[in-house]
Amino acid sequence: KAVLTLGYNHFTFVSTSDSFSYLDRNAEELNSSVYFALTSTTGAGLEASAVYNYYSQDFLNNAVGYNVGPFVETQITSYLKLRASVGYQAINFATGGGVDDSSDASNPYAYILLSHRINAAISQTISAGHESELGVNSNFIVLNYVRHTATWNIVNHLLLGTELFYETGDDSGGIFSEDIQRYGG
């Protein structure tokens with residue numbers, strides 16, 4: 001009836017071009033959730049995470065981020081699953097980096113995710129949401145998005161992933177503050 005999940009992740013981000021080496025960073029993430037089965041196909045719970053990002057160069061500011069919020073999950077059919085969450089997130093940044101941005105993020109987040117297993121070889125998801133994430137030329141960006149991903153099981157244990165997305169966002173400030181619209185695949 002209840003599932004408690006605790007996790008730790010370490011990420012190392014390394015740019016493939018010297019001109020973007022200021023983005024190189026490490027991140028330490030703790031995450032947790034507690035899930036309660038309400039029926040045989042529906043459950044709800046609480047998710048939370050904390051992440052510490054630290055950069056190799058002194059251009060972007062190191063940051064500690066937190067999020068917490070409730071979620072609901074339901075298995076609509078044996079091939080279709082829906083998950084939705086709302087909550088609060090905050091990202092607190094150190095100061096002094098060359099980006100010249102002293103803003104902290106403090107805002108709600110929300111997302112909805114529909115997962116569909118088409119057959120044994122193909123599955124897809126479509127998601128939409130609102131969140132803050134680390135910026136490229138600023139401390140953070142407030143982002144609205146719609147994404148479609150597909151996973152293709154080409155041969156046993158070899159997967160191919162494809163993605164289509166549309167995003168719109170606003171930088172928090174800094175020397176290159178901008179409003180963006182981006183799409184791709």
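Figure legend. Inter-residue proximity from segment 102-116: first residues farther than 17 Å from H148 by Cα, second residues among the polar types (S, T, N, Q) and part of a loop (DSSP other than H, G, I, E, B), beta-carbon distance below 8 Å, spacing 6+ or different chains. Indicated pairs: S102/T95; S102/N139; S103/S138; S103/N139; S103/S172; D104/N139; A105/N139; A105/S172.
Among residues of segment 5-23 that are hydrophobic (A, V, I, L, M, F, W, C), those with a beta-carbon under 8 Å from a residue that is part of a loop (DSSP other than H, G, I, E, B) at least six positions away or on a different chain give the pairs F13/D24; V14/D24; L23/S15; L23/L60; L23/V136.
Every test in (1) more than 23 Å from F165 (Cβ to Cβ); (2) open to solvent by less than 40 Å² (accessible area, probe 1.4 Å) is passed by V64 save one, and that test is (2).
The sole residue among V142, V146 that is surrounded by 15 or more Cβ atoms within 10 Å (Cβ to Cβ), β-branched (V, I, T) and not in a loop (DSSP other than H, G, I, E, B) is V142. Restricting segment 1-53 to residues that are within 21 Å of the chain's Cα centre (by Cα) and among the acidic types (D, E) leaves a set whose member that is farthest from I76 (Cα to Cα) is D24.
Being in contact with a helix residue (DSSP H, G or I) (Cβ under 9 Å, 6 or more places away or on another chain) and not polar (S, T, N, Q) holds for only one residue in G173, G98, G184, G169, and it is G98. State whether the residues of segment 87-101 include one that is open to solvent by 40 Å² or more (accessible area, probe 1.4 Å), assigned to a strand (DSSP E or B) and under 30 Å from H157 (Cβ atoms). Checked segment 87-101: no residue is open to solvent by 40 Å² or more (accessible area, probe 1.4 Å), assigned to a strand (DSSP E or B) and under 30 Å from H157 (Cβ atoms). Return the residues of segment 1-60 that are of a type in the set (A, V, I, L, M), open to solvent by less than 80 Å² (accessible area, probe 1.4 Å) and either in contact with a helix residue (DSSP H, G or I) (Cβ under 7 Å, 6 or more places away or on another chain) or farther than 21 Å from A110 by Cα (or both); say none if nothing qualifies. A2, V3, L23, A27, A37, L60, listed by residue number.
Name the residue, out of N139, N156, that is at negative phi and touching an Asp or Glu at 6+ places or on another chain (Cβ under 6 Å).
Values: N156 fails: touching an Asp or Glu at 6+ places or on another chain (Cβ under 6 Å).
Just a single option satisfies the conditions, and that option is N139.
Whether any residue in segment 102-113 is open to solvent by 40 Å² or more (accessible area, probe 1.4 Å), part of a loop (DSSP other than H, G, I, E, B) and either in contact with a Pro (Cβ under 6 Å, 6 or more places away or on another chain) or more than 24 Å from L158 (Cα to Cα) (or both) is what I want to check. So far as segment 102-113 goes, yes, one or more of its residues are open to solvent by 40 Å² or more (accessible area, probe 1.4 Å), part of a loop (DSSP other than H, G, I, E, B) and either in contact with a Pro (Cβ under 6 Å, 6 or more places away or on another chain) or more than 24 Å from L158 (Cα to Cα) (or both).
Tally up the residues in segment 155-177 that are touching a residue at least 24 places away in the same chain (Cβ under 8 Å) and more than 16 Å from the chain's Cα centre (by Cα), please. Going through segment 155-177 one residue at a time, the tally reaches 8.
Applying the set (1) at pLDDT below 95; (2) surrounded by 15 or more Cβ atoms within 10 Å (Cβ to Cβ) to S127 leaves exactly one unmet item: (1).
Quick grid of which residues meet (1) among the hydroxyl-bearing types (S, T, Y); (2) closer than 29 Å to K81 by Cα:
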| residue | (1), (2) |
| --- | --- |
| T95 | yes, no |
| A120 | no, yes |
| G135 | no, no |
| S138 | yes, no |
| N156 | no, yes |
| G161 | no, yes |
| F165 | no, yes |
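The values are calculated or read from the model by the stated rules, or taken from the named source; none is laboratory data. Treat the numbers as computed from the prediction; the structure is a model and nothing was measured. Ideal geometry is used to build each Cβ from the backbone, glycine not excepted, and the neighbour counts take in all protein chains shown. Heavy atoms of the whole protein, side chains included, go into the accessibility calculation; ligands, DNA and RNA do not. Shrake-Rupley method; radii C 1.70, N 1.55, O 1.52, S 1.80 Å.
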